[in-house]
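Structure first, then comments.
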Amino acid sequence: MKKTIILTAFLFIYSVAFSQQKLKSVSITKAATTPLQPDTYIENPFLDKFKGRWIWKEDSKAIILNFNKIQYTMDKANHIVMDILKGDCEYYINKKRVPIDTAKNNLFGAMDTDSQPVVFMLTNKEKPMSVVYLHLTYIDKKTLKLQVNFKHEYAKHPYPDYIYPESMILKRD
């Protein structure tokens, strides 16, 4: 009886696992030029070079950005998943960590081709017209450039000014 229950459970799990549709992989460059079909996974190998820990230092300040490539479901109804870059931020003054709102400083971004920057959009719920774009550009294996670009000229940076200078060079840790 015990063997029958184990075998039945195994067959049920096996059938559920294989009944789910597999995602069809397409490259980010192809996805940018063709209509997306349901059950699609958009691969973005260009993001791999950004993964890791990156540091910016100036005087007594330091910003550490940690980037990982993750799979993000961009369309739940059609089950379309894509690679994006996720980053989190740490801020230090005189080697002491300054608490920042991680919900406001987590970064999510993507790019279409190898030559474009990864674009992150930061918004502020209290000031919905205050939208900021951060452009992350790969320079070489040890260097990234982060440029703050505002969507509206009257938009204020939604976070304390000390977190992101207008432009910074990040070095791989």
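Between K141 and K76, what is the spin-label point distance in nm, taking each point 7 Å from the Cα along the Cα→C-beta axis?
Once both label points are built, they end up 4.2 nm from each other.
Keeping every protein chain present and rolling a 1.4 Å probe, give me the accessible area per residue for the range 68-109 in Å².
Ligands and nucleic acids excluded, the result is 62 Å² per residue.
Order 30-42, 135-147 from most to least packed using the mean count of other Cβ atoms within 10 Å.
Put in order of decreasing packing, that is 135-147, 30-42.
Which of rounded, prolate, oblate describes the range 79-118, given a ≥ b ≥ c as roots of the alpha-carbon gyration tensor eigenvalues and a/c under 1.5 marking rounded, otherwise prolate only if a/b is larger than b/c?
Oblate is the answer for the range 79-118, as a/c is 1.5 or above yet b/c matches or exceeds a/b.
Using 0.36 nm times the number of residues separating D173 and K49, minus their current alpha carbon distance, what extension gain do you get?
Result for the pair: 43.3 nm of gain on full extension.
What pairs in K76/K141; K24/K141; K49/K95; K30/K69 have C-alpha atoms more than 29 Å from each other?
The answer is K76/K141; K24/K141.
For the pair L23 and T113, what calculated FRET efficiency results from E = 1/(1 + (r/R0)^6), where r is the Cβ-Cβ distance and R0 = 30 Å, to the nearest 0.05?
0.85
Determine the sum of side-chain charges near L47: Lys and Arg each +1, Asp and Glu each -1, restricted to other residues whose C-beta is under 13 angstrom from that of L47.
Net charge around L47: -1.
The values are calculated or read from the model by the stated rules, or taken from the named source; none is laboratory data. The shown structure was predicted, so the numbers you read here are calculated from the model rather than taken from an experiment. Cβ sites come from the backbone with ideal geometry, for glycine too, and all protein chains shown count toward neighbours. Ligands, DNA and RNA are stripped out before the accessible areas are found, and what is left, the full protein with its side chains, is counted by its heavy atoms. Shrake-Rupley method; radii C 1.70, N 1.55, O 1.52, S 1.80 Å.
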